[in-house]
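Chemist: Next up is a structure, given as structure tokens.
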Amino acid sequence: IELTREVVARSAQVGKSLFAAADRAGVPDSVATQLSEVFGGEIDFHRDFGRGERFSVVYEMFYHNGRLIRPGRLLAAEVTRGKRVHRAVWFQSGDTHGYYSPDGRSLKQQFLRAPLEVSRITSGFEMRMLPGSKRWIEHKGIDYAAPVGTPVRATGDAIVEFVGQQNGYGNVVILKHKGDYTTLYAHLHEFTDGLTKGARVAQGDQIGTVGQTGWATGPHLHYEFQIKDEHVDPLNIALPNSTPLGTNERRSFRAQSAALVSRLDMLRNTTVAMAE
């Protein structure tokens, strides 16, 4: 069917959370999710984004004969945290596409900050007591609590190194990334159909669902991040960026992004929804 495209702009101040503020401002969940993914390498929305902070979004909505069919792509966004302002603009030209800062810097990190869209952290990269004993061990990953069946996504482009069962990990997937990076996803309920050793996955692809397999005492995802086989805290390391725009692409980007950047400027001092 033929769809009519409308570009909508909204701004809101955060109360309890990003998604609660988005609901209150009438921003679709899918757009709020895109926002959290775009800035996921710079902002941990589970821990670092809360009351009093602010966001603005410019996004597509598609209609048919005046009836809303679906939200579309996030086109531009701004997140204000204290005195820090983060901005992103969608750009597509030939094979190049993604989100960039207004000066043309790629915002796509080589890795997403978290493997789940919505969750809460129940255990960090720290020493903790082993369940069922009085022995302290080093917890070399991050535990994200979420209902059984919640989609788990690959945090970066990779090749599947292992998919199967491993002792206390239960159902586990291990991914090998460029640059000596490895990620592990444990206690899964089930694997994505067709996921086999040697298969290629892209950043954001679903690789399984949250479960309670292995030694898990409740439904959650255990996520590990390794560099050259050494465990590191994925919440407190600088994640590598993707390739920046070339000279010719920067010219095209400036021409395409000007109107969207102007829209963000207009939204900075307003919370009123606008549409064109």
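Chemist: Of the conditions (1) without any contact (Cβ under 8 Å) to a residue 60 or more places away in the chain; (2) over 25 Å from Ile142 (Cβ atoms); (3) open to solvent by 20 Å² or more (accessible area, probe 1.4 Å); (4) touching a strand residue (DSSP E or B) at 6+ places or on another chain (Cβ under 6 Å), Tyr63 fails just one. Which one is it?
Modeler: (1)
Chemist: Has the stretch 30-39 got any residue that is without any contact (Cβ under 8 Å) to a residue 40 or more places away in the chain, over 17 Å from Thr80 (Cα atoms) and of a type outside the set (Phe, Trp, Tyr)?
Modeler: Scanning the stretch 30-39 turns up no residue that is without any contact (Cβ under 8 Å) to a residue 40 or more places away in the chain, over 17 Å from Thr80 (Cα atoms) and of a type outside the set (Phe, Trp, Tyr).
Chemist: Tell me the residue from Leu195, Leu188, Leu175, Leu184 that is in a loop (DSSP other than H, G, I, E, B), modelled with pLDDT of 95 or more and within 23 Å of the chain's Cα centre (by Cα), please.
Modeler: None of the other options fit; the residue is Leu195.
Chemist: From the list Thr247, Thr271, which residue is of a type in the set (Ser, Thr, Tyr), at pLDDT below 90 and farther than 30 Å from Phe55 by Cβ?
Modeler: Just one listed residue meets the conditions, Thr247.
Chemist: Could I ask something else about it? Looking only at the stretch 1-25, which residues are more than 27 Å from Arg51 (Cα to Cα), open to solvent by 90 Å² or more (accessible area, probe 1.4 Å) and outside any strand (DSSP E or B)?
Modeler: Ile1, Glu2
Chemist: For the stretch 97-110, indicate whether the set of residues that are within 21 Å of Asp233 (Cβ to Cβ), outside any strand (DSSP E or B) and either in contact with a Leu (Cβ under 9 Å, 6 or more places away or on another chain) or at pLDDT below 80 (or both) is non-empty.
Modeler: Checked against the condition, which is being within 21 Å of Asp233 (Cβ to Cβ), outside any strand (DSSP E or B) and either in contact with a Leu (Cβ under 9 Å, 6 or more places away or on another chain) or at pLDDT below 80 (or both), the stretch 97-110 yields at least one hit.
Chemist: Does the stretch 86-97 include one or more residues that are more than 14 Å from the chain's Cα centre (by Cα), surrounded by 14 or more Cβ atoms within 10 Å (Cβ to Cβ) and basic (Lys, Arg)?
Modeler: Yes: the stretch 86-97 contains one or more residues that are more than 14 Å from the chain's Cα centre (by Cα), surrounded by 14 or more Cβ atoms within 10 Å (Cβ to Cβ) and basic (Lys, Arg).
Chemist: Is it true that some residue in the stretch 90-112 is in contact with a strand residue (DSSP E or B) (Cβ under 6 Å, 6 or more places away or on another chain) and β-branched (Val, Ile, Thr)?
Modeler: Checking the stretch 90-112: not a single residue is in contact with a strand residue (DSSP E or B) (Cβ under 6 Å, 6 or more places away or on another chain) and β-branched (Val, Ile, Thr).
The values are calculated or read from the model by the stated rules, or taken from the named source; none is laboratory data. What you are looking at is a predicted structure, and each value in this text was computed from that prediction instead of being measured. Quick reminder, even Gly has a Cβ in these numbers, built from the backbone with ideal geometry, and neighbours come from all protein chains shown. These accessible areas exclude ligands, DNA and RNA; they are computed on the full protein's heavy atoms, side chains included. Shrake-Rupley method; radii C 1.70, N 1.55, O 1.52, S 1.80 Å.
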